[in-house]
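Notes follow the structure.
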Amino acid sequence: MQNQQRGLGGFSDDNESTFSDELKAVSDKTLEFYDFSVSSGKSLLETLVNDEMVETGFLIFAHYEYLATEYLMICLLDSKQQIAVNQDLNLNYSEQLELSKMQIAVRIDMTQWKITPDQFRYVSFIKGRMGRKVSDFFMKFIGCEEQVDVKQQNKQLMTQVDTYLASQQADPKEKNEHRASVANYYKEQIANEEDVSIKDLAQILPKDEDETIDFEAFNAQVETPLEPSFQPDKTMLKGLAKFSGSGGGVTINFDRNLLGERVIYNPHTDTLMIKGIPPNLKDQLMRASTDEQE
């Protein structure tokens, strides 16, 4: 689930679902897992009907342990037909689950739910490529409430990194180097399918002159601090390396390290001056200028 946009949360106290009560009974061994899965499957079907959702596929319940942690995973998978030729040169048809296209799934860290329920981060679910609507009925089915908006956390992090670096006594080149370090860290976490950690970022970003305030302490002082860790969003990498924007028929995109050198911004006149126009753009402008003169 790490490779897709996901949300984090926990069971809501005011939900009408009996899912969490039945899951607790499974954990306490007062309810058989098979009976729980059958009952939950029926409840999901009722939720689909009530919400007028049309979803097809195989509903899978998996109760397992990994690294001394107890999990429950529920997913809805589509299938596709596979064709193979046997030794007698006959065609054999079979159905295979499409794991790579899993769009509806939830994983519950039952160990964390028992030990630290107040953190409200023990339910992890795929949001789906079509947005919240795809997974809303699934969250209603288990009685989950989203607590951590991963995409918003990433956006806030980018803003806080810029604000923090602006408060440091560093020249533009040094700030760009620090942003590049954050970008490299992001790439590593994405490649390793691990969360971004504020503590790790504090080791990457500079401290103040007195060595008393680092990024972790800075984050703790803001009005709405970031979560200690959250899933990295690879779309944020572009914001660390480039400035970009579009509107009114104009699209501009350039590397951050060019600001103040080849690209000059005047906030008083709200204008950009570009030194050294790209050759292909310059050629188009020259030809357009020639046509106008004729």
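Listing for the model above:
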{"quantity": "Top-ranked residue of the range 52-79 - restricted to ones that are part of a strand (DSSP E or B) and exposed (fewer than 10 other Cβ atoms within 10 Å of the Cβ), ranked as nearest to the chain's Cα centre (by Cα)", "calculated": "Tyr66"}
{"quantity": "Long-range neighbours under 6 Å by Cβ, at least six apart or interchain, first residue modelled with pLDDT under 80 within the range 114-127, second in a helix (DSSP H, G or I)", "calculated": "Lys127/Ser135"}
{"quantity": "Flag for Pro232 being touching a residue at least 40 places away in the same chain (Cβ under 8 Å) and not in a strand (DSSP E or B)", "calculated": "yes"}
{"quantity": "Count of residues meeting criterion [assigned to a helix (DSSP H, G or I) and surrounded by 10 or more Cβ atoms within 10 Å (Cβ to Cβ)] in the range 253-285", "calculated": "8"}
{"quantity": "Long-range neighbours under 8 Å by Cβ, at least six apart or interchain, first residue part of a loop (DSSP other than H, G, I, E, B) within the range 193-213, second modelled with pLDDT of 80 or more and of a type in the set (Ser, Thr, Tyr)", "calculated": "Asp195/Ser229; Leu205/Tyr164; Leu205/Ser181; Asp208/Ser167"}
{"quantity": "Count - residues of the range 188-210 that are exposed (fewer than 13 other Cβ atoms within 10 Å of the Cβ) and either over 22 Å from Glu227 (Cα atoms) or basic (Lys, Arg) (or both)", "calculated": "3"}
{"quantity": "Condition met for Lys187 (in contact with a helix residue (DSSP H, G or I) (Cβ under 6 Å, 6 or more places away or on another chain), among the basic types (Lys, Arg) and under 30 Å from Gln147 (Cα atoms))", "calculated": "no"}
{"quantity": "Evaluation of Gly276 against (1) out of contact with any Lys or Arg (no Cβ under 6 Å at 6 or more places or on another chain); (2) farther than 13 Å from Leu157 by Cα (one fails), failing number", "calculated": "(1)"}
{"quantity": "Condition broken by Ser100, with the remaining ones in (1) closer than 30 Å to Leu226 by Cβ; (2) in a helix (DSSP H, G or I); (3) at pLDDT below 75 satisfied", "calculated": "(1)"}
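Quick grid of which residues meet (1) on the phi > 0 side of the Ramachandran plot; (2) of a type in the set (Val, Ile, Thr); (3) at pLDDT 85 or above:
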residue	(1), (2), (3)
Asp233	no, no, no
Gly248	yes, no, yes
Asp255	no, no, yes
Leu258	no, no, yes
Val263	no, yes, yes
Ile277	no, yes, yes
Asn280	no, no, yes
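The values are calculated or read from the model by the stated rules, or taken from the named source; none is laboratory data. Note that the coordinates shown come from a computational prediction; the quantities given were computed from them, not determined experimentally. Counting neighbours? That spans all protein chains shown, and the Cβs are built from the backbone with ideal geometry, glycine included.
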